[in-house]
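Asker: This is the structure I have questions about; it appears just below.
The values are calculated or read from the model by the stated rules, or taken from the named source; none is laboratory data. Note that the structure is a prediction, hence the values are computed from the model and not measured. We place every Cβ from the backbone using ideal geometry, glycine too, and count neighbours over all the protein chains shown. The accessibility values were calculated without ligands, DNA or RNA, using every heavy atom of the protein model including side chains. Shrake-Rupley method; radii C 1.70, N 1.55, O 1.52, S 1.80 Å.
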Amino acid sequence: MPRLVAAPTTVVELPGQVKIDEFFGGASCNPCPAQAPISVAHVKAKAGFAEDWQAPAFDEYVLVLKGAVTLEHAHGDAVKVGAGQAVFLPKGERVRRAFNEDADYVPSCLPDIST
């Protein structure tokens, strides 16, 4: 049976910098129980924002809807992912996201981001 997610759960909000709304995963409890095997979110980041370096314990698939995301990583030159493009980040990849322009993107994480 289809299960509508009428609205996401905001999991991060730094006004004027970034907002992350989760549609599926542990934070939103969609689908419940909270041990969902996937996290799917919508991220809106403003130009000038940059995340801290991280090496997540999950695989991440990123689809850029608007703008661009610049991925700095431990293996060479930064990778710019533009609107209509996607990128795969394997578990344990040391990465930092930087935004030279406003961007909207959809990260999907396996297992979910709370793992």
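Asker: Which value, in Å² and to the nearest 10, is the accessible area of VAL64 when all protein chains are kept and the probe is 1.4 Å?
Answerer: Per-residue accessible area (VAL64): approximately 0 Å².
Asker: Just tell me which lysines come within less than 24 Å, Cα to Cα, of LYS46; anything on the same chain fewer than 8 places away is out.
Answerer: The reachable lysines, counting only those whose Cα sits under 24 Å from LYS46, are LYS19, LYS66, LYS80.
Asker: Could you work out how far apart the two model spin labels at ALA47 and ALA78 are, taking each label as a point 7 Å from the Cα in the direction of the beta carbon, and quote it in nm?
Answerer: 1.4
Asker: Shifting gears a bit: Just grab the label-to-label distance for GLN54 and ARG94, each label 7 Å out from Cα along the Cβ direction, in nm (one decimal).
Answerer: Computed distance between label sites GLN54 and ARG94 equals 1.7 nm.
Asker: Need one number: nm distance between label points at LEU4 and LYS66, each 7 Å from Cα along Cα→Cβ, rounded to one decimal.
Answerer: Here the modelled spin labels are 2.4 nm apart.
Asker: Can I ask one more? Please report the carbon-and-sulfur percent of the accessible area for the chain; probe 1.4 Å, protein heavy atoms only, DNA, RNA and ligands left out. Display every interim value, and only then the final one.
Answerer: Details: 3740 of 6550 Å².
Roughly 57 percent, rounded to a whole number.
Asker: Can you give the accessible area per residue of the chain, in Å², using a 1.4 Å probe? Walk me through the numbers on the way to the answer.
Answerer: Values: 6550 Å² over 115 residues.
Spelled out: the 1.4 Å probe surface of the chain, per residue, equals 57 Å².
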